Amino acid sequence: MKYLKTFARLVVIAASLCSAWPVAADELMIYSARKQQFIQPLFDAYTRETGVEIDHQTGSIDSLLNRLKAEGDRTPADILIAVDAGNLWQAADQGLLQPIDSKLLRANIPANLRDPENRWFGLSLRARTIVYSTERVQPEQLSTYAALGEDHWKGRLLLRTSKKDYNQSLVAMMIAEYGLGGAEKIVRGWVKNLAQPPYDDDIQTMMAILEGQGDVAIVNSYYYGRLLRKDPDLKLALFWPNQNEPGSGVHVNVSGAGLTKFAKHPEAAIRFIEWLSTSGAQSLFADANLEYPVNPQVKPSPEVAAWGAFKASPFNLTKAGELQEAAIRLMDRAGYQ
Ligand code: FE
């Protein structure tokens, strides 16, 4: 009897301890188009810091969007992570995301890198910029994206396929900046100057410069970083275009996240997205893929900073989504394959 009483008391003490202890009551499910190796370190760090368990599924953005649509209110996904602003816009446009009213996110993320209706937030920034052969091109010969369509670059320009969302976003943002006619003129200039048919990816495009098939190209900054890591004597360099054009700048894009419409753990999901915008997580997020933090308080890694500072285009990235269809049609008309 005495033992039973003691046992009962212990149970009460244990129960009260449990409720006071920050138990891992929360868990999150994340659908991510960002590759496993670039997000796992963030999930691990967050779990260590908070006890929140994070499960995830990675896949192409199309497969994830289809899955969210098919699952509807039964989806286990709390958060969608995508690697292109146009894709984030699409997810919001298709009603798959819900707004987050967060002072912290609005303070940490510049307005042009997030949805004005707060349904998605950029979390890492990449520049889609000019890369050139340091053996055959002087940086003084370069100036703007548009100038790559001038005769000087005839038979010297290389591009990645127009099927890639990064290029669709680039052209969509050019429509926002120059209008449909202006953007089409630039893209027609590029097509006229192509040295080779477009490549499947940015790495192939840069390898082709190294093989002498062309002299300049447009790529995402982190792919250049990957090649540079393998070969510190790489005969390629990045150039930041449109720096002297008022109201213009380097085309940037984001990978980012949104809260799914039918999230089962909305509060926990918001806390995680907020955490991703804070300094330690921003470095982890950006540095994993040689990108730039979106939070202006956080510096890029020394490795990335070594490529030099640039002025980014100030246009809101929602344009990448709104004008994506127009961009695809424009590239088609211009013969950009
Ligand atoms: Fe990429």
> Can you tell me which residues in the stretch 311-328 are farther than 11 Å from VAL171 by Cα and assigned to a loop (DSSP other than H, G, I, E, B)?
Replying inline: LYS311, SER313, PRO314, PHE315, ASN316, LEU317
> Can you pull out the residues in the stretch 87-105 that are of a type in the set (A, V, I, L, M, F, W, C) and either part of a helix (DSSP H, G or I) or within 16 Å of the ligand (Cβ to nearest atom) (or both)?
Replying inline: LEU88, TRP89, ALA91, ALA92, LEU104, LEU105
>> Among the residues of the stretch 235-254, what is the count of those that are assigned to a loop (DSSP other than H, G, I, E, B), more than 21 Å from ALA286 (Cβ to Cβ) and out of contact with any Asp or Glu (no Cβ under 7 Å at 6 or more places or on another chain)?
In response: 7
>> Testing LEU113 on (1) over 18 Å from PRO314 (Cα atoms); (2) surrounded by 13 or more Cβ atoms within 10 Å (Cβ to Cβ), one condition comes back false. Which one is that?
In response: (1)
> How many of the residues in the stretch 141-170 are of a type in the set (Ser, Thr, Tyr) and more than 14 Å from the ligand (Cβ to nearest atom)?
Replying inline: 4
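Let's see how each residue does on (1) closer than 30 Å to GLY95 by Cβ; (2) within 16 Å of the ligand (Cβ to nearest atom); (3) surrounded by fewer than 19 Cβ atoms within 10 Å (Cβ to Cβ); (4) over 20 Å from the mean Cα position of the chain (by Cα):
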{"site": "LEU227", "(1), (2), (3), (4)": "no, yes, yes, no"}
{"site": "LEU238", "(1), (2), (3), (4)": "no, yes, no, no"}
{"site": "ASN244", "(1), (2), (3), (4)": "no, no, yes, yes"}
{"site": "LYS264", "(1), (2), (3), (4)": "yes, no, yes, yes"}
> Just one of GLU245, GLU322, GLU291 is assigned by TED's automatic domain parsing to the domain that holds THR75 and among the charged types (D, E, K, R); which is it?
Replying inline: GLU291
>> What's the total number of residues in the stretch 297-332 that are within 25 Å of ASN244 (Cβ to Cβ) and in contact with a Phe, Trp or Tyr (Cβ under 7 Å, 6 or more places away or on another chain)?
In response: 5
>> Name the single residue that is farthest from the ligand (Cβ to nearest atom) among those in the stretch 207-217 being touching a Phe, Trp or Tyr at 6+ places or on another chain (Cβ under 7 Å) and touching a residue at least 60 places away in the same chain (Cβ under 8 Å).
In response: ASP215
> How many residues are within 22 Å of ILE203 (Cα to Cα) and touching a Gly at 6+ places or on another chain (Cβ under 8 Å) when one looks only at the stretch 137-148?
Replying inline: 1
> What do you reckon, is ASP84 within 16 Å of the ligand (Cβ to nearest atom), within 14 Å of the chain's Cα centre (by Cα) and assigned by TED's automatic domain parsing to the domain that holds GLU274?
Replying inline: yes
> Which residues, counting only those in the stretch 181-223, are of a type in the set (Val, Ile, Thr) and assigned to a helix (DSSP H, G or I)?
Replying inline: ILE186, VAL187, VAL191, ILE203, THR205, ILE209
>> Restricting to the stretch 137-157, give me the number of residues that are within 18 Å of ILE209 (Cα to Cα) and out of contact with any Phe, Trp or Tyr (no Cβ under 7 Å at 6 or more places or on another chain).
In response: 9
>> Take the residues in the stretch 106-140 that are in a strand (DSSP E or B) and more than 30 Å from TRP153 (Cβ to Cβ); name whichever of them is nearest to the ligand (Cβ to nearest atom).
In response: SER124
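The values are calculated or read from the model by the stated rules, or taken from the named source; none is laboratory data. Note that the coordinates shown come from a computational prediction; the quantities given were computed from them, not determined experimentally. FYI the Cβ positions are ideal-geometry reconstructions off the backbone, even for glycines, and counts take in every protein chain you see.
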